[in-house]
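Read through the structure below, which is laid out as structure tokens, and then see the notes.
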Amino acid sequence: MRTSMKIFQEGDQSRAVCSHCADLVVTTFRRRDVPFSDGSSVAKNILVGVCDVCDTTVSIPAQSTPAISKTRKEATASIEANLPAIYVDVLDYAVHTIDHRASTDFRRVLLSYFLHQAAGDAQLATKLKAMHAKALVRFPEHRGVARRRLSMKVPVRVSEDLQSLATRTELNTTELLKSVVCSIQDDVLTAPKPKLIQALQGLAAISI
Ligand SMILES: [Zn+2]
């Protein structure tokens with residue numbers, strides 16, 4: 001059975017067991033400061049069910065849980081790679097093609113998007129592994145090739161996507177990113193996929 005997603009507002013009433021009154025009581029939803037789930041500090045103005053008899057907070061509606069959960073404030077991780085400069089050129093050209101107003105920071109969003117898509121799709125992961133051999137043919141690396149450093153802050157979950165892909169493709173971060181950039185080259189520049197471009201343009205519009 002599907003639970004309905006009822007949204008409560010201040011002043012709505014319900015019933016709950018109040019431990020202070022040791023009874024089933026009428027509660028009224030009010031906004032109160034509530035400790036975060038990890039007890040680290042206090043979340044302000046959270047909607048809670050308050051006992052009408054003794055004024056104790058006796059219930060927290062489901063809609064208030066995200067606000068008091070600290071886990072959603074996800075930490076960031078960094079991805080570092082030292083790539084032959086041509087890969088960064090291709091990446092920046094793709095960024096410019098998607099949205100000429102996008103800053104180079106959109107690199108981060110673009111790479112994260114491709115990493116996340118591939119991490120959730122076994123076929124794409126296999127394709128990335130095969131793409132690596134093509135990358136080395138596409139951009140031969142002679143001795144002394146110019147390199148550029150990529151350093152990006154990404155959500156922890158994206159760095160986990162990268163780790164799991166690295167394991168599955170048996171490529172390190174730098175080599176994996178070469179495959180990802182070549183996929184971006186194919187799907188954005190060489191043979192643009194309209195739906196993909198549309199999704200990426202949407203992301204560019206809301207990225208800083
Ligand atoms: Zn009470």
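General remarks:
- As for the stretch 37-60, it holds no residue that is among the basic types (Lys, Arg) and within 16 Å of the ligand (Cβ to nearest atom).
- Filter pass, Ser78 being open to solvent by less than 30 Å² (accessible area, probe 1.4 Å), of a type in the set (S, T, N, Q) and within 24 Å of Leu176 (Cα to Cα): no
- Of everything in the stretch 164-208 that is without any contact (Cβ under 8 Å) to a residue 40 or more places away in the chain and over 23 Å from Arg101 (Cα atoms), the residue that is most open to solvent (accessible area, probe 1.4 Å) is Thr167.
- Residue in the stretch 127-145 that is loosely packed, with under 15 Cβ neighbours inside 10 Å, within 19 Å of the chain's Cα centre (by Cα) and either more than 16 Å from the ligand (Cβ to nearest atom) or assigned to a helix (DSSP H, G or I) (or both) present: no
- Hey, Gln63 open to solvent by 40 Å² or more (accessible area, probe 1.4 Å), more than 16 Å from the ligand (Cβ to nearest atom), touching a Phe, Trp or Tyr at 6+ places or on another chain (Cβ under 9 Å) and not charged (D, E, K, R) or not: yes
The values are calculated or read from the model by the stated rules, or taken from the named source; none is laboratory data. The structure displayed is predicted, hence computed values, not measured ones. So basically every Cβ, Gly included, is an ideal-geometry build from the backbone, and we count neighbours across all protein chains shown. SASA here: full protein model, heavy atoms, side chains in, ligands and nucleic acids out. Shrake-Rupley method; radii C 1.70, N 1.55, O 1.52, S 1.80 Å.
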